[in-house]
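Accompanying notes for the structure given below.
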Amino acid sequence: MALLSLGELMRQIYVGRLFRTATFLTKHSDGPYSPAARESLKTGVPQIEESCRKGGLPLMAPVCQRLLQVLDRGSDDDIQRLIHDLHTRLEDALTESLFMQFLPSQAGLYQQPLHGWDQTAVSFPSTIIDIDEAAKCLACDRGTACVFHLMRVLEIGLRSLARELGIPYAPSWEAYLRQITVKIDKKHRRKGIRWKRDELFFRDVAAHMSTLKVAWRNPTMHVATTHTVEDAENIFNATRTFMEYLAKRLADEPQQKHGDVKPATVH
């Protein structure tokens, strides 16, 4: 049996719309149905059908269609019966579903996960999937999962730094950082002019990455470590600031596709 992804299991449903739907149906639950009342239903029922379709309540659609068909010439009893049917189906559907509330701050994070990552998204498009996942995990109070995805984002930055220094693929953060340190510590006479000009930047980034490896990356990959929401929020903000800094000088490998980065093993 195939597992459903989070995107397939979750839909964004706005409670206010469902409340208006229930209110509208209650308002029209009793006849008689005057021409004005029927016109109101002709306007409102298609909106109900659309809201329920987007909200993952497909069983409402056939009843909506039948109700629209009887509004012109159907009896008041037929209209009333179908409205009651709609109301019952809505109640059943909402009873069988589990709803999670996002506070305004969480909703913003879930709906606009790339907010504040502008330069990172441009320079490192391969990070977009993991930034999106990290933001949504944070919005759902899943601290450890959020940090896990952030470490994948940082790894892309680490690989771009290594590539800029002419360092080939390495199987781990430790292997990358060891080679980066060797490269930085070469005597000046063996370095090019551009490299000398950028040395402070390289040293700063390498030192930061070494700290992050010990403080965040390695512990996150072991089951003994969990991150609270507060931890994850701090790491999320710090990672965003650091990646925005990197994105001003470094970038993805040309023509690299989203999601192509394979996480390195932990050492």
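Bear in mind that the values in this text are calculations on the coordinates, not laboratory data. Only a predicted model underlies this, so the values are computations on that prediction, with no experimental measurement involved. In this analysis, Cβ positions are derived from the backbone assuming ideal geometry, glycine residues included, and neighbour counts consider all displayed protein chains.
Considering every pair of different Cα atoms, what Kirkwood radius, in Å, is found for the range 104-247?
Computed over the range 104-247, the radius equals 15.9 Å.
Give me the angle, in degrees from 0 to 90, between the Cα long axis of helix 173-184 and the longest principal axis of the Cα atoms of the chain, rounded to the nearest 10.
For 173-184 against the chain, the angle is about 40 degrees.
How do Phe236, Phe242 rank when sorted from fewest to most other Cβ atoms within 10 Å of their own Cβ?
Phe242, Phe236
Cα-based Rg of the range 11-96 per 2.2 N^0.38 Å, rounded to two decimals?
1.02
Counting other C-beta atoms within 10 Å, which of Thr144, Thr88 has the fewest, and how do the rest follow?
Thr88, Thr144
Considering the chain as a Gaussian network with a 10 Å cut-off on Cα pairs, which listed residue, Ala134, Ala247, Ala61, attains the greatest mean-square fluctuation?
Maximum among the listed residues: Ala61.
Which of these, Leu177, Leu200, Leu246, has the largest mean-square fluctuation under a Gaussian network model of the chain (Cα springs below 10 Å)?
Leu200
Where is the GNM fluctuation largest for the chain (alpha-carbon springs, 10 angstrom cutoff): Ala93, Ala107, Ala162?
Checking each option, the largest mean-square fluctuation is seen for Ala93.
I need two numbers for the chain: Rg to one decimal and Dmax as a whole number, Cα atoms only, in Å.
Using the Cα atoms of the chain, the pair Rg, Dmax is 27.4, 94 Å.
Using 0.36 nm per residue of separation minus the Cα-Cα distance, give me the extension gain between His84 and Val229 in nm, one decimal.
47.8 nm
Using alpha carbons only, how many degrees (0 to 90, rounded to 10) separate the axis of helix 35-54 from the longest principal axis of the chain?
Between helix and principal axis, roughly 30 degrees.
Students often forget the sequence filter, so: which aspartates and glutamates lie under 12 Å Cα-Cα from Lys42 once same-chain residues fewer than 8 apart are removed?
Here the aspartates and glutamates satisfying the reach criterion relative to Lys42 are Asp72.
What order do you get for Tyr110, Tyr176 when you list them from fewest to most C-beta neighbours inside 10 Å?
So the residues, fewest neighbours to most, are Tyr110, Tyr176.
Can you tell me the orientation of helix 193-212 relative to the chain, as the angle in degrees between its alpha-carbon axis and the longest Cα principal axis, to the nearest 10?
That helix lies at roughly 60 degrees to the long axis.
Using only DSSP helix segments of four residues or longer, with each worth -39500 (n - 2.57), what per-residue ellipticity at 222 nm results for the chain after dividing by its residue count and rounding to 500? Please list the in-between numbers first.
Values: 12 runs with 168 residues, N = 267.
That comes out to -20500 deg cm²/dmol.
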